[in-house]
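Enquirer: Just passing along the structure, written as structure tokens.
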Amino acid sequence: MEIKKIISHAKEYGFIFPSSDIYEGLSAVYDYAHNGVELKNNIKNYWWKAMVDLHSNIVGIDSAIFMHPTTWKASGHVDAFNDPLIDNKDSKLRYRADSLVEEYCEKLDNKILKEISKAKKRFGKDFDQKKFIETNPKVSKLKKKVEKILNRLNTSLENSDLNDVRNLIIELEIACEKSGSKNWSDVKQFNLMFSTKLGATSGSMTEIFLRPETAQGIFVNFLNVQKTSRLRVPFGIAQVGKAFRNEIIARQFIFRMKEFEQMEMQFFVPPGTQKEWYKKWMNKRMEWHKSIGMGSENYRFKNHEKLAHYADAACDIEFKFPFGFRELEGIHSRTDFDLSNHERFSGKNLKYFDPKLEKNYIPYVVETSIGLDRIFLAVLSWSLREDKLNDGTTRKVLKFPVFLAPIKLAVLPLVKKDGLPQYAKKIFDDLKLSYSTQYDEKDAIGRRYRRQDAIGTPFCVTIDYTTLDDDTVTLRDRDHMKQERIPLASLENILNEKLNVRNWLRAN
Ligand code: GAP
């Protein structure tokens, strides 16, 4: 489904609004409405349960957004948390220079995919994709070109050779998408951290930063947590919280925001074991994603060619968003970079005494870091469908994995008279104690079903005249639109079986 349709559905059905909408919004900043908050909480809860509740050696923390400014010196963010930016002198539009080159390569990749799908059609069952890619002159030429460009981009960025990044853009004849102009400025590094001032008097104001990742709140508390939880390495600390980045290029809805939420876990391990734990967490996190039920084929790993300043290995779990495979989660082997630097900058001993090894050391860290808004977009975009119905009409339906659905149930009296609403309200008052439930008696029943489909409610409980006679209700399934008549007495058990998050957690 096109991203435009997803954005308008999210607004129309109370998931996401542009921030400060009445003032024409604020670029790359969004507000979550009721259904959005519920969905976000369900995702958060599923992550927390899988990471914290299911691991006796992982504990939680909720550290402050503001931190001592030296934190960001020690973490390397003051010096190295930059994006290379380039301006188009004619349109005055600003771009990420690396993204311009990567998007150019993506176009070449799409050409390769087109060639492959044409050949698949031509050769039918006998098609050998691997051999075709290796032997087809057009495809192998395109592949080599992409590799060459990306290698050069990575080398230039690693060597901080921003002139060469600009040269590459000019040589590839990349034009501004708005003006078509190829008149580019120099490439300059731009720090992504937002800063503000702290202090009571104008003379004593200190510049502090809004955290660009939640991880540093975990690092600076490493020994506090270790001592109070009495956990031994290897152990982890998990956190969900807001992070802020001055993303200049705001595109693709909530995929890249200035204010967003991260779900991060730092796992502290003995030095030398980090690669092993890195592999373990890569697999564990992939299993978690797949357990949600959005199709294994929609996920893939991508190794980082260019490592962040703190990592000795890193990869992304990518998801197939409406605009292609993109990063959903990062898994990083962060070495002892952060803790060592915090020890150096703070002058405090951050070493851990390992009773098994009988020695002191700074633990190494494997990090899993996922954007909550990003997985929200993955779930929303995967779930939104336009179904063609047998009667020729269409319905908009959000086929959320049921345990994530913001509203689990709707209780609907068939008509607004003859005691049906009273009966339905009694059921509603009982069910709302267990599930997020809506009561709706307005409009014809068909329209009410459509309204629930559009917000992704997996089950509707309908009370009709038969209910008054024999205490049975109908249970309508969102995906198949089938209705089953069941005794009211068995409703709670049936719903427990269908909605219990335990069924999904077992796959973790
Ligand atoms: N602590 C490591 C870290 O922050 P990252 O790869 O920069 O690593 C981790 O970010 C995750 O946070 C990403 O995989 C993505 O899901 C999410 N994320 C990063 N920047 C974001 C942004 N501007 N808007 C929304 N989500 C973002």
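The values are calculated or read from the model by the stated rules, or taken from the named source; none is laboratory data. Nothing here was measured: the structure is a model prediction, and the numbers come from that model. Cβ placement follows ideal geometry from the backbone for every residue including glycine, while neighbour counts extend to all protein chains displayed. When the accessible area is computed, the model is the full protein with side chains, heavy atoms only, and any ligands, DNA or RNA have been set aside. Shrake-Rupley method; radii C 1.70, N 1.55, O 1.52, S 1.80 Å.
Enquirer: Excluding residues on the same chain fewer than 8 positions from LYS143, give the aspartates and glutamates whose Cα lies under 16 Å from its Cα.
Expert: Reachable aspartates and glutamates: GLU102, GLU103, GLU106, ASP109, GLU115, GLU134.
Enquirer: Quote the Stokes-Einstein diffusion coefficient, in whole µm² s⁻¹, for the chain, based on the Kirkwood radius over alpha carbon pairs, a temperature of 37 °C and a viscosity of 0.692 mPa s.
Expert: 126 µm²/s
Enquirer: Heavy atoms only, probe 1.4 angstrom, no DNA, RNA or ligands counted: give me GLU441, GLU102, GLU367 ranked by accessible area, highest first.
Expert: Ranked list, largest accessible area first: GLU102, GLU441, GLU367.
Enquirer: May I pose another question? What FRET efficiency do you get for ASN390 and THR466 if R0 is 25 Å and r is their Cβ-Cβ distance, rounded to the nearest 0.05?
Expert: 0.50
Enquirer: What lysines could a cross-link reach from LYS416, if we take a straight Cα to Cα line under 28 Å and drop same-chain neighbours fewer than 8 places away?
Expert: Correct list for LYS416: LYS396, LYS408, LYS425, LYS426, LYS432, LYS442, LYS482.
Enquirer: Here's another thing I want to ask about it. Tell me the mean residue ellipticity at 222 nm calculated for the chain from its helices only (DSSP H runs of n ≥ 4, each -39500 (n - 2.57), averaged over every residue, nearest 500).
Expert: Theoretical 222 nm ellipticity from helices: -12000 deg cm²/dmol.
Enquirer: Please give me, ordered by residue number, the GluC sites (Glu not before Pro) of the range 112-197 that lie in loop per DSSP and have at most 10 other Cβ atoms within 10 Å. Each step should come with its number before you reach the end.
Expert: Working: sites: GLU115, GLU134, GLU147, GLU158, GLU171, GLU173, GLU177; in loops: GLU173, GLU177.
Qualifying residues, ordered by number: GLU173.
Enquirer: I'd like the Karplus ³J(HN,Hα) series for the range 263-277: coefficients 6.51, -1.76, 1.60, θ = phi - 60°, whole numbers in Hz, and an x wherever there's a Gly or Pro.
Expert: With coefficients 6.51, -1.76 and 1.60, one gets 10, 10, 9, 9, 10, 8, 10, x, x, x, 9, 5, 5, 5, 5 Hz.
Enquirer: Hey, for a label at ASN303 modelled as a point 7 Å past Cα toward Cβ, could you say which residues of the range 138-182 have their backbone N under 17 Å away?
Expert: Only 147-148, 150-152, 154-155 pass the distance filter.
Enquirer: Going down the list LYS258/LYS290; LYS242/LYS290; LYS275/LYS306; LYS178/LYS258, which pairs span over 19 Å between their C-alpha atoms?
Expert: Flagged as over cut-off: LYS258/LYS290; LYS242/LYS290; LYS178/LYS258.
Enquirer: Roughly how many Å is it from the Cα centre of the range 291-308 to that of the range 1-40, as a whole number?
Expert: Taking the Cα centre of the range 1-40 as reference, the centre of the range 291-308 is 26 Å away.
Enquirer: Quick one: order ARG251, ARG447 from most to least accessible surface, probe 1.4 Å.
Expert: ARG447, ARG251
Enquirer: Could you give the radius of gyration (one decimal) and Dmax (whole number) of the Cα atoms in the range 296-453, in Å?
Expert: That works out to 25.7, 77 Å for Rg and Dmax.
Enquirer: Something else now. How much area per residue is accessible in the range 407-507 when the probe is 1.4 Å and only protein heavy atoms are counted (Å²)? Numbers along the way, then the final one.
Expert: Working: 5130 Å² over 101 residues.
Spelled out: the 1.4 Å probe surface of the range 407-507, per residue, equals 51 Å².
Enquirer: With charges set only on the Cβ (+1 for Lys and Arg, -1 for Asp and Glu), what does the dipole of the chain come to about its Cα centre, in debye to the nearest 20?
Expert: Numbers: 83 positive and 70 negative charges, 217 e Å.
In total the dipole reaches around 1040 debye.
Enquirer: Still on this structure, I have one more. Please list LYS49, LYS92 from largest to smallest accessible area, probe radius 1.4 Å, with all protein chains kept in place.
Expert: Of LYS49, LYS92, the descending order of accessible area is LYS92, LYS49.
Enquirer: Just to verify a number: what accessible area does LYS258 come out at with the full protein assembly present, 1.4 Å probe, Å² rounded to tens?
Expert: The accessible area comes out at roughly 40 Å².
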